[in-house]
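Visitor: I am attaching a structure below and will ask some questions about it afterwards.
A short reminder: the numbers here are calculations on the coordinates, not readings from a lab. Keep in mind the model is a prediction, meaning the values are calculated, not measured. Heads up, the Cβs are rebuilt from the backbone with ideal geometry, glycines too, and the neighbour counts pull from every protein chain shown.
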Amino acid sequence: MKPLLSAAISFALVVLIVAGCTPATVIQSSGPVISLSGVVGDAIALTLGVPLTSQASEPNYTGNYTFTVANASIATVSVPPGPSAHRRNAASTATDKQGDVTITPVGVGSTTLTVQTSNASLTVILSVANAAPSPTPTPTATPTPTPPPPGVLSVNPTTLSFYTTGASAEQTVFVQETDFSGTLSETDSCSGIVTVSPTSSSSPYSAIVTPVAAGTCTITFTDGTKTAPVAVTVTTAGITVNAKARLP
């Protein structure tokens, strides 16, 4: 009977060990623990040559965030200036305790950006495209005033389109009313979009319109009774990136 008893005891020990006397190790998987600003779906869309500052975060995490780009010929990463910034390889890898990273697209195409903490990792796609070409302004011929019928208030041109701002882009509107000896003046809804100079004069009247900022508005010329509107559109190209303020 002793061999059978010994075998039973050995079997019981094996069952105890397999049944869970030794605690299991739980490994946290990569995924939604880390979040990264600027991600839409699983990707960040970038424009060639336009840097983007983003921030990673993980709840209750106070360690370093490491950012790694798979292909540094498509995009590079760096840490914005600050006391917590620490760079390893400024082209493909950067580490920051606050989770800040500046992504600079340097080539058209796609690559991946991995955010790594001591707990988890997150991988997103970086998609870099060329900037949309800026419209080429069509040269505007200097309008030649054509006398209107007597007593009619007219403007030439009736619409103005600008594709940049500043004095170099200014255009002239000719305003006149035949058989009228009073003063012509203008009112507008263009504050901060264009300026008009002079704002009043006797007929015929040349008003210089200078674009200041993007927008649409209307300039209305009047003799006190009749009115003649000019529609204005100012279009400018560009991308603005709002970077997060860094802690001191």
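Visitor: Taking all pairs of different Cα atoms in the range 153-234, averaging 1/r and flipping that mean, what Kirkwood radius in angstroms comes out?
Guide: In the range 153-234 this quantity evaluates to 12.5 Å.
Visitor: When ranked by the protection proxy of mean other Cβ atoms within 10 Å per residue, highest first, what sequence do the peptides 118-131, 208-221 form?
Guide: In decreasing order of mean packing, 118-131, 208-221 become 208-221, 118-131.
Visitor: Sticking with this structure for a sec: What translational diffusion coefficient, in µm²/s and rounded to a whole number, does the Stokes-Einstein relation yield for the range 93-172 at 20 °C and a viscosity of 1.002 mPa s, taking the hydrodynamic radius as the Kirkwood radius over Cα pairs?
Guide: Estimated via Stokes-Einstein, D reaches 112 µm²/s.
Visitor: Kirkwood hydrodynamic radius for the range 35-129: how many Å is it when counted over pairs of different Cα atoms?
Guide: With all distinct Cα pairs of the range 35-129 included, I get 13.0 Å.
Visitor: Then there's this: Report the extension gain between residue 206 and residue 167 in nm, rounded to one decimal, defined as 0.36 nm multiplied by the number of residues separating them, less their alpha carbon distance.
Guide: Gain on stretching residue 206 to residue 167: 12.4 nm.
Visitor: Rounded to the nearest 0.05, what FRET efficiency is calculated for residue 158 and residue 214 with R0 set to 25 Å and r the Cβ-Cβ distance?
Guide: The calculated FRET efficiency here is 0.75.
Visitor: Estimate the FRET efficiency between residue 236 and residue 123 by the formula 1/(1 + (r/R0)^6), using the beta-carbon distance for r and 45 Å for R0, to the nearest 0.05.
Guide: Efficiency at R0 = 45 Å is approximately 0.80.
Visitor: What is the extension gain from residue 226 to residue 64, computed as 0.36 nm multiplied by their sequence separation minus the C-alpha to C-alpha distance, in nm to one decimal?
Guide: 51.4 nm
Visitor: Does anything in the range 220-235 have its amide N under 14 Å from the 7 Å Cα→Cβ label point of residue 199, and if so which residues?
Guide: Counting only backbone N, you get 220-222.
Visitor: Lys and Arg at +1, Asp and Glu at -1: add these up for the other residues within a Cβ distance under 13 Å of residue 222 and post the number.
Guide: -3
Visitor: If all Cα-Cα distances of the range 193-233 are sorted into 10 Å bins from 0 onward, what percent lands in each bin, rounded to whole numbers?
Guide: P(r) for the range 193-233, in whole percents per bin: 26, 55, 18, 0.
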